[in-house]
Amino acid sequence: MRAATGVGDEVEATMRAVRLTAPGVLEQVAAPTPTAGPGQVLLAVAAVGACHSDLHILDAPPGLFPTPMTLGHEIAGTVETVGAGVTGWSPGDRAAVYGIIGCGTCRACLRGRENQCRRVPVGGIGLSRDGGLADYVVVPASRLLPIGELDLIQAAPLTDAGLTPYHAVELARPALRPGTYCVVIGIGGLGHMAVQILAATTAVRIIAVDTSMAALDLATRMGAHHVVQAGPEAIETIRAIVGPAPDGADVVIDCVGVDATLTTARTVVSTGGRLLLVGLGGGTLPVRPVADEPPTLPLETSVEVPFWGTRAELQEVIAMGQLGLLTADVQTFPLERAPEAYDLLRRGEIHGRAVIVP
Ligand code: FEH
Ligand code: ZN
Ligand code: ZN
């Protein structure tokens with residue numbers, strides 16, 4: 001929706017935008033409708049996912065993120081206008097947005113690993129520049145990927161809630177051997193997608209762990225072979241499935257990343273296993289490289305902290321969505337209720353992924 005405001009014949013188009021207007025302050029404002037510059041596209045936002053990282057941005061100390069800044073880094077929409085020099089995109093095209101904007105010239109970017117950019121830490125749409133929690137967003141044309149006829153409300157979560165666990169699974173794929181165990185801790189926005197990705201692209205035995213029985217029911221529907229309710233008995237229950245140390249789960253994907261889940265992860269992973277710390281919950285994983293008992297981490301275990309994913313991986317995630325192999329369990333909210341959606345997310349009351357539909 002675009003409104004025109006202004007004095008005399010000088011009319012400035014405005015749009016609705018939900019912005020970080022000051023540290024910790026998220027509010028809907030009327031913002032100037034941006035225009036596409038050279039190499040850019042103006043996208044009419046159809047859907048934008050609400051991510052826990054947005055809460056970290058909201059809670060960040062002053063100066064870490066620019067204000068005012070429109071949030072939203074999990075975006076899908078239709079092309080409104082294209083800027084000078086843009087080819088391959090026309091008004092009405094339907095697209096998903098790859099949210100990372102790396103420097104494009106460092107060793108990582110040159111390899112297509114913009115999620116490892118050595119010059120721009122966490123640079124991206126809704127992270128270091130205006131994002132998609134608005135009627136419109138301007139993005140570099142290079143950030144768009146076509147989605148064909150895929151539902152736009154389904155396409156948005158693929159760009160982060162889908163891409164992030166997909167990238168983690170790709171990193172761990174050599175260890176995801178048929179018949180081995182992979183534990184997914186936290187069946188929320190990322191976890192429920194991780195279960196589907198494992199079920200669709202591997203032959204591992206999936207163990208889903210969450211505090212919520214509703215989330216565990218979702219995990220079962222998404223392809224988990226075992227579900228374990230998080231709590232004091234969880235480690236023992238998982239051990240009964242994966243076998244005693246030094247055996248265990250070959251891969252553990254922690255989509256929460258708090259002390260309790262990191263403790264579970266490092267306790268059930270096998271010797272020589274892989275820990276992927278996808279959830280940025282601020283917990284601590286003690287790594288004490290000694291062989292005393294009990295070790296804080298089994299010998300030969302690898303720990304990785306995946307970050308988002310690559311554009312090439314997003315293309316594959318979109319294909320999985322188009323093939324019906326990856327479906328987000330979505331709760332939608334109108335733009336005006338975006339602050340409420342984030343409050344529910346913070347209270348752990350969102351199942352699947354909250355998606356804002358402007
Ligand atoms: C965004 C910004 C910073 C850290 C992590 C993230 C993720 O939500 C991106 O998927
Ligand atoms: Zn995110
Ligand atoms: Zn770079």
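Candidates Ala199, Gly148, Pro121 compared by Cα position along the dipole of the chain: farthest toward the positive end lies Pro121, with charges placed on Cβ. Excluding His167 itself, what net charge comes from residues whose Cβ is under 13 Å from its Cβ, given Lys and Arg +1 and Asp and Glu -1? So the surrounding residues net to -3.
Applying 1/(1 + (r/R0)^6) with R0 = 35 Å to the Cβ-Cβ distance of Arg129 and Ala245 gives a FRET efficiency near 0.15.
The slack in the chain from Leu325 to Ala60, taken as 0.36 nm per residue of separation less the alpha-carbon distance, amounts to 91.8 nm. Beyond 21 Å, the tail of the calculated P(r) for the stretch 92-232 holds 53 percent of the Cα pairs.
The ellipsoid that matches the Cα gyration tensor of the stretch 284-334 has semi-axes, each √(5λ) in whole angstrom, of 38, 15, 11, with the longest given first. In the chain, a dipole from Cβ-located charges (positive for Lys and Arg, negative for Asp and Glu) runs towards its positive end, and of Val183, Ala341, Ala230 it is Val183 whose Cα lies farthest in that direction. For the peptides 106-115, 153-162, 272-281, residues were scored by their other Cβ atoms within 10 Å and the scores averaged per peptide; the highest-first order is 153-162, 272-281, 106-115. Computed from point charges on the beta carbon alone (+1 for Lys and Arg, -1 for Asp and Glu), the dipole magnitude for the stretch 260-313 about its Cα centre is near 160 Debye.
Hey, with R₀ at 45 Å, roughly what FRET efficiency would Asp343 and Ser302 work out to, going by the Cβ-Cβ distance, to 0.05?
Result of the calculation: an efficiency of 0.75.
The angle between the Cα long axis of helix 191-201 and the main principal axis of the chain comes to about 70°, on a 0 to 90 degree scale. Between the beta carbons of Val290 and Val258, assuming R0 = 35 Å, the FRET efficiency works out to 0.90 to the nearest 0.05. Each residue of the chain gets 138 Å³ once the volume of the Cα convex hull is shared out per residue. Translational D (Stokes-Einstein, µm²/s) of the stretch 25-78 at 25 °C and 0.890 mPa s when Rh comes from the Kirkwood sum over C-alpha pairs? After rounding, the answer is 187 µm²/s. Using only the Cα atoms of the stretch 1-132, build the gyration tensor, take square roots of its eigenvalues as a ≥ b ≥ c, and label the shape rounded, prolate or oblate: rounded if a/c is under 1.5, else prolate if a/b is larger than b/c, else oblate. Verdict is oblate for the stretch 1-132. Please list, by residue number, every one of the GluC sites (Glu not before Pro) in the stretch 264-358 that is coil in DSSP and has at most 12 other beta-carbon atoms within 10 Å. Those satisfying the criteria are Glu300, Glu349.
Each peptide in 187-193, 145-151 was scored by the mean count of other Cβ atoms within 10 Å over its residues; highest first, the order is 187-193, 145-151.
Here the stretch 95-195 is treated with +1 on each Lys and Arg Cβ and -1 on each Asp and Glu Cβ, and its dipole about the Cα centre works out to around 660 debye. For the chain, find the longest principal axis of its Cα atoms and tell me its angle to the long axis of helix 163-172, 0 to 90°, nearest 10. Between the helix axis and the principal axis of the chain, the angle is about 30 degrees. Note on the stretch 241-358: semi-axes of the ellipsoid equivalent to its C-alpha gyration tensor, largest first and rounded to whole Å, are 34, 19, 12. Mean residue ellipticity at 222 nm, helices only, the chain: -7000 deg cm²/dmol; runs of at least 4 DSSP H residues each add -39,500 (n - 2.57), and the sum is divided by the number of residues.
With N as its number of residues, the stretch 166-265 has a Cα radius of gyration that, divided by 2.2 N^0.38 Å, comes to 0.95. Rounded to the nearest 10 degrees, the inclination of helix 213-222 to the longest alpha-carbon principal axis of the chain is 90 degrees. With a cut-off of 17 Å, note down the residues of the stretch 236-252 whose backbone N falls inside the zone around a label point 7 Å from the Cα of Thr220 toward its beta carbon. Taking a point 7 Å out along Cα→Cβ of Thr220, the residues of the stretch 236-252 whose backbone N falls under 17 Å are 238.
Once C-alpha pairs closer than 8 Å and six or more residues apart are averaged by separation and normalised to the residue number of the chain, the relative contact order reads 17 percent. Contact order, relative form, for the stretch 201-270: 25 percent (alpha carbon pairs under 8 Å, 6 or more residues apart, mean separation divided by residue count).
Compared with the direct C-alpha span, the chain from Met213 to Gln229 gains 5.1 nm at full extension, assuming 0.36 nm per residue.
Read-outs: derived from the displayed coordinates by stated rules, not from any lab. Quick caveat: nothing in here was measured; it's all calculated off a predicted structure. Every residue, glycine as well, gets a Cβ built from its backbone with ideal geometry; the counts of neighbours run over all protein chains shown.
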